Amino acid sequence: MPTTAILALEDGRCFPGISYGASGTTTGEICFNTSMTGYQEVITDPSYRGQIVAMTYPMIGNYGVNPEDNESSEPHIRAFVIEELCEVPSNYRSTESLASYLERYNILGIQGIDTRALTKHLRSRGAMRACVTTELSEEEAVEAAKNSAHMEGSDFVKEVTTKESYIWSEESRKWGLANHSIGESETYKELPDAKYKVVAIDLGLKYNQLRMLRQAGFEVEVVPATTSAAEILAKNPDGLFLTNGPGDPAALTYIHAVIEELIQKIPTFGICLGNQLLAHAYGGKTFKLKFGHRGGNQPVKDLRSGKISITSQNHGFAVDPDSLPDDIEVTHINLNDNTVEGMRHKTLPVFSVQYHPEAAPGPNDAAHFFEDFAEMIESSKS
């Protein structure tokens, strides 16, 4: 007999459904993702720490789960909301079902939800706190949502950052080669020699960022988010990389100061939360979006070239362009709402983007930024 479950929003609206994965009660900010594929990468993206994620695509789980598609060591979502669960996955790389994967990590799932109605509600009312439960009444679940923590002012970075520094050494996968047959061993792309050393401050990174840095010819050392500027400078890096991550960028004042010092001395590239933290280091501000940008179909315009890219995004905060000083140029904007999607410093070798050039999941239109980073470092040495 299926177990009933409830998704309750803080404004009192409730969505009854069926439980899959773990049972119990959890709360967090609810958001929606419009990607058609890549649910495993979404689940393991540390940027979703503290959030309940709803997928707008109607059937989820059809290709199962496999350990090689994880973007971190474990899931970070609080709960996973879908319309229909595929209980019999079919893919030669699958090692388990989505339901068993979530159950193994004690993550609640709820299916049978009208995700179109839920998404329209969130787009109209804005992001809000929510509760997913298999044990509370609707009234109790709404109260649990109301009593949960707000995303504003939250610091989830300390929960997801690495505890110790390490050198990234994983091979770089290249799927879909013409001579590859189903059932054969996967093939790997030969990696270039490491020409430059980059220190990546782990704010909640995704593995594919490290893979693409390595593909671009970098030796990558990952350090905790609490690492001091002096400790990073002592490693004598050629470049600094600021990763994506969860929570409110304005709350991370201990990182603002470190970045402010480092960008004066090291060429720097930032992605997502890294872009927002650079804005604070410049003296600017960020603000919370009404319902965020999450999915693999966000159009971004490069204001310098006029080129438009379709991008993968996952963020609930954005940079306030009016707060930026004169020596910062906004280089990219989102064509849906004109929010800031990229910046560069006019005199220092520093640039950043709000979206995810490493995709995972999503399009690869913006993958060139990792090579651009290498070229910037080369130019700064000449």
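The values are calculated or read from the model by the stated rules, or taken from the named source; none is laboratory data. Worth saying up front: this structure is predicted, and the values here are computed from it rather than measured. Note: ideal-geometry Cβ built from the backbone for every residue, glycine included; neighbour counts use all protein chains shown.
Per-structure values
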read-out	value
One residue from D322, D327, D372 being of a type in the set (D, E) and over 29 Å from D155 (Cβ atoms)	D372
Residue selected from region 207-231 under the condition assigned to a loop (DSSP other than H, G, I, E, B) and under 22 Å from the mean Cα position of the chain (by Cα), by the criterion surrounded by the fewest Cβ atoms within 10 Å (Cβ to Cβ)	T226
Selection count where residues are of a type in the set (A, V, I, L, M) and on the phi > 0 side of the Ramachandran plot, scope region 207-246	0
Boolean, V53 is of a type in the set (A, V, I, L, M), in a loop (DSSP other than H, G, I, E, B) and either touching a helix residue (DSSP H, G or I) at 6+ places or on another chain (Cβ under 9 Å) or more than 20 Å from N297 (Cβ to Cβ) (or both)	no
Any pair with Cβ under 6 angstrom, 6 or more apart, that starts in region 336-358 at a residue that is over 15 Å from N314 (Cβ atoms) and of a type in the set (S, T, Y) and ends at one that is at pLDDT 95 or above and part of a strand (DSSP E or B)	S352/G270; S352/M343
Output for region 232-246, where each listed residue is assigned to a helix (DSSP H, G or I) and either buried (at least 18 other Cβ atoms within 10 Å of the Cβ) or in contact with a strand residue (DSSP E or B) (Cβ under 8 Å, 6 or more places away or on another chain) (or both)	I232
Among the residues listed as G283, G342, the single one being outside the structural domain of Q40 (by TED's automatic domain parsing) and under 21 Å from the mean Cα position of the chain (by Cα)	G342
Filter result for T339 (farther than 22 Å from M212 by Cβ and exposed (fewer than 14 other Cβ atoms within 10 Å of the Cβ))	no
In region 118-149, residue surrounded by the fewest Cβ atoms within 10 Å (Cβ to Cβ) [restricted to those that are in contact (Cβ under 8 Å) with a residue 40 or more places away in the chain and under 19 Å from M59 (Cα atoms)]	T119
Test: P89 is assigned by TED's automatic domain parsing to the domain that holds R13 and out of contact with any Gly (no Cβ under 6 Å at 6 or more places or on another chain)	no
V88, sole failed condition from (1) aliphatic (A, V, I, L, M); (2) surrounded by fewer than 16 Cβ atoms within 10 Å (Cβ to Cβ); (3) touching a Cys at 6+ places or on another chain (Cβ under 8 Å)	(3)
Top-ranked residue in region 342-382 [being of a type in the set (D, E) and part of a loop (DSSP other than H, G, I, E, B); ranked as surrounded by the fewest Cβ atoms within 10 Å (Cβ to Cβ)]	D365
Failed item, numbered, when P249 is tested on (1) surrounded by 21 or more Cβ atoms within 10 Å (Cβ to Cβ); (2) on the phi > 0 side of the Ramachandran plot	(2)
Any chance E164 is touching a Gly at 6+ places or on another chain (Cβ under 9 Å) and in contact (Cβ under 8 Å) with a residue 60 or more places away in the chain	no
Of all residues in region 1-48 being under 13 Å from L108 (Cα atoms) and of a type in the set (G, A, S), the one that is nearest to the chain's Cα centre (by Cα)	G28
